[in-house]
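Undergrad: So that we are looking at the same thing, I have put the structure below in structure tokens.
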């Protein structure tokens, strides 16, 4: 039996989470490369002097950004009205 959170299958939630992160990495890497191509410096800059560094940094930032949109599994509400003092 597969555990569920609020009636949803955890495999579906994990798959959506991984796809969202992967999408962020790809989008960020493309944005990092585009930034290097258009505005990157040729020497002295740690991130934008190389297309690889720009793409890796962009991928990291994209993954972090897309992870902010993940939904946490809903926890069942607890009834605190009948608790002893």
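Undergrad: Do you know which residues across the range 16-40 are over 15 Å from the mean Cα position of the chain (by Cα) and either under 11 Å from residue 70 (Cβ atoms) or surrounded by fewer than 14 Cβ atoms within 10 Å (Cβ to Cβ) (or both)?
TA: Residues satisfying the conditions are 37, 38, 39.
Undergrad: Same structure, new question: With the requirement that a residue be crowded, with 16+ Cβ neighbours inside 10 Å and outside any helix (DSSP H, G or I), what does the range 41-70 give you?
TA: Across the range 41-70, the qualifying residue is only 48.
Undergrad: When you look at residue 78, is it in a loop (DSSP other than H, G, I, E, B), over 16 Å from the mean Cα position of the chain (by Cα), at pLDDT below 85 and closer than 30 Å to residue 15 by Cα, yes or no? If you could, list the steps in order and put the result at the bottom.
TA: Working: in a loop (DSSP other than H, G, I, E, B): yes; over 16 Å from the mean Cα position of the chain (by Cα): yes; at pLDDT below 85: yes; closer than 30 Å to residue 15 by Cα: yes.
The answer is yes for residue 78.
The values are calculated or read from the model by the stated rules, or taken from the named source; none is laboratory data. Just so you know, these numbers come straight off a predicted model, no measurement behind them. Note: ideal-geometry Cβ built from the backbone for every residue, glycine included; neighbour counts use all protein chains shown.
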